Amino acid sequence: MSGDVNPFESLQEQIDDAAEYIDVGTDVLERLKRPERVLETNLTVELDDGSLEVFRAYRSQFNGDRGPYKGGVRYHPGVTRDEVKALSGWMVYKCAVVDIPYGGGKGGIEIDPIDYSDAELERITRSFATELRPLVGADRDIPAPDVNTGQREMNWIKDTYETLEGTTEPGVVTGKAIDSGGSRGRVEATGRSTMLTAREAFDYLDKDPAGATVAVQGYGNAGSVAAKFIESELGADVVAVSDSSGAVYHPDGLDTRAVKQFKNETGAVTGYDGASEELTNEELLTMDVDLLVPAALENAIDADLARDVGADVIVEAANGPLTPDADEILTDRDVHVFPDVLANAGGVTVSYFEWVQNRQRFYWTEERVVEELERHIVEGFEGLVDAYEEKELPSFRTAAYVVAIERVADAYAESGTWP
Ligand code: NAD
């Protein structure tokens with residue numbers, strides 16, 4: 001993983017690349033490359049032993065031209081202001097690619113949650129939610145889960161907000177547990193959109209996914225669900241999966257559910273006895289497979305690794321898993337990269353459905369969620385491919401940004417300028 005590449009600079013480079021193909025003024029472009037505002041705060045929280053600790057936390061509201069800011073909250077020791085800014089920008093373009101009425105935001109706390117008790121994490125989360133209170137709201141900014149956060153943290157944020165505001169407003173966050181106003185199908189939505197993108201990509205490239213070989217880097221919410229659906233719905237062989245402990249491999253395909261069960265019990269994929277071999281993450285990323293799904297963190301594949309990537313197709317479940325240099329090398333090498341802003345957009349799309357259900361206080365069946373999600377991802381894919389062909393664009397990523405920037409720039413232009 002390349003730690004030297006600043007993800008915010010990567011985002012700006014991606015926008016500049018796409019801007020070459022769109023008629024958009026530099027004033028608009030500058031606005032589309034920077035967040036509208038960033039909250040940086042220090043949370044002072046009492047630990048179980050009575051001592052106090054200070055945690056750096058951020059919330060970036062990148063752009064609200066198409067609707068309320070929307071995006072996850074990440075708990076990770078590597079969280080930085082620029083990372084949060086980049087992730088919030090990717091949310092803007094992701095929501096535009098799948099055409100849901102949101103802008104983009106993102107938050108994070110610089111913390112390794114493993115080092116803290118559940119009670120400490122609850123106090124840290126509630127302290128963050130208190131700082132966020134003036135910024136968030138169902139029509140303002142709607143947080144959601146990201147790396148190392150889930151239903152539990154969302155329920156804490158919702159409860160803190162509702163208590164402080166003296167109201168009930170489940171739509172202030174998404175990714176909640178079902179009993180607290182969550183949507184059916186939300187937990188699996190990101191992995192499902194990765195599978196749908198892979199399905200459409202194989203169809204577009206005239207490749208048969210049945211029996212195709214697949215490697216998945218990262219086996220958390222995004223990666224493990226994507227692997228499960230790619231195996232069960234596309235009939236592909238998921239031959240290798242990894243997490244931060246390393247990778248496991250079997251040439252005939254792994255039982256993706258059994259690996260997940262093993263990781264749930266032991267905390268790692270390594271040691272799984274259905275594998276024929278263990279590999280390093282680097283070996284997994286350079287394997288000769290039909291499809292590679294990076295589903296861990298950003299900058300997983302840098303220029304050096306990109307030269308050795310053996311996959312024909314990459315579908316990005318993680319946000320920003322390729323550095324811009326790696327992206328360029330892979331484009332030159334004719335590796336087809338289907339970008340994060342479409343492939344992992346299932347999470348935010350079903351978050352949107354959750355918010356719609358919260359606003360209506362009327363809840364959908366899982367079948368309806370799955371059907372509506374498929375429509376948004378397939379239409380998003382078609383829009384991207386149309387732009388790629390019509391404008392003869394160099395990559396599907398550039399196509400996604402062209403489609404998204406045009407949508408955001410149109411909304412901005414239609415709003416006029418004030419004061
Ligand atoms: P997660 O915490 O559930 O899983 C992350 C996984 O990556 C873990 O298995 C971890 O061990 C592994 N990992 C970490 N460092 C690694 C490394 N160097 N090599 C290999 N594996 C490594 O997180 P998640 O929610 O699955 O998110 C993963 C990615 O997907 C992130 O980029 C996130 O922004 C993106 N994403 C997630 C969602 C969602 O709904 N969960 C939605 C959109 C995008």
Checklist line | Alpha carbon Rg of the range 51-198, scaled by the compact-globule rule 2.2 N^0.38 Å | finding: 1.01
Checklist line | Straight-distance crosslink candidates among lysines, where the alpha carbon sits under 29 Å from residue 33 and sequence neighbours closer than 8 are dropped | finding: 70, 85, 94, 106, 391
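Rank-order 322-329, 49-56 by packing density, defined as the average count of other C-beta atoms within 10 Å over each peptide's residues, highest first. Don't jump to the answer; show the numbers that get you there.
Numbers: 322-329: 23.2, 49-56: 10.4.
Most protected by this proxy first, the peptides run 322-329, 49-56.
What share of Cα pairs, in percent, lie more than 24 angstrom apart in the range 263-419?
In whole percent, the share of Cα-Cα pairs in the range 263-419 beyond 24 Å is 50.
Would you mind getting the accessible area per residue of the chain, heavy atoms of the protein chains only, 1.4 Å probe, in Å²?
Working: 16690 Å² over 419 residues.
I get 40 Å² per residue for the chain.
Highest mean first, what order results for 387-395, 203-211 on Cβ atoms within 10 Å? Walk me through the intermediate numbers first.
On the way: 387-395: 15.8, 203-211: 12.3.
Result, highest mean first: 387-395, 203-211.
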Check: Based on DSSP H runs of at least 4 residues, each adding -39500 (n - 2.57), what is the mean residue ellipticity at 222 nm of the chain after dividing by all its residues, to the nearest 500 deg cm²/dmol?
Finding: -14500 deg cm²/dmol
Notebook entry, point to check: Amide H of residue 241: which non-local residues (sequence gap of 5 or more, or other chain) have their own amide H closer than 5 Å, using H built in the peptide plane?
Noted result: 216, 248
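In what order, largest first, do 232, 88 sit by accessible area if the probe radius is 1.4 Å?
Numbers: 232 70, 88 0 Å².
Ranked from most to least accessible, the order is 232, 88.
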Margin query: Using 5 Å bins from zero, what percent of all Cα-Cα pairs in the range 213-281 falls into each bin?
Written below: 4, 21, 35, 28, 10, 2
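So for the chain, what percent of the C-alpha to C-alpha distances run longer than 34 Å?
Details: 22848 of 87571 pairs.
Tail fraction, whole percent: 26.
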Note to self: Skipping prolines and chain starts, which residues have an amide H placed within reach, meaning under 5 Å, of the one on residue 173, given they are 5 or more residues away or on another chain?
What the structure shows: none
Checklist line | P(r) of the range 189-343 over all Cα-Cα pairs, binned every 5 Å from zero, in whole percent | finding: 2, 11, 22, 26, 21, 13, 4, 1, 0
Note to self: Suppose accessible area is computed on protein heavy atoms with a 1.4 Å probe; arrange 118, 290 from highest to lowest.
What the structure shows: 118, 290
Next item on the list: Could you pull the accessible area for residue 66 with a 1.4 Å probe, rounded to 10 Å²?
Entry: 50
Next item on the list: For the chain, give the percent of accessible area contributed by carbon and sulfur heavy atoms, probe 1.4 Å, rounded to a whole number.
Entry: 43
Margin query: Students often forget the sequence filter, so: which aspartates and glutamates lie under 12 Å Cα-Cα from residue 263 once same-chain residues fewer than 8 apart are removed?
Written below: 243, 273
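The values are calculated or read from the model by the stated rules, or taken from the named source; none is laboratory data. Here the structure is a predicted model, which is why all the values come from computation and not from measurement. Note: ideal-geometry Cβ built from the backbone for every residue, glycine included; neighbour counts use all protein chains shown. Quick note on the areas: whole protein, heavy atoms, side chains included, nothing else; ligands and nucleic acids left out. Shrake-Rupley method; radii C 1.70, N 1.55, O 1.52, S 1.80 Å.
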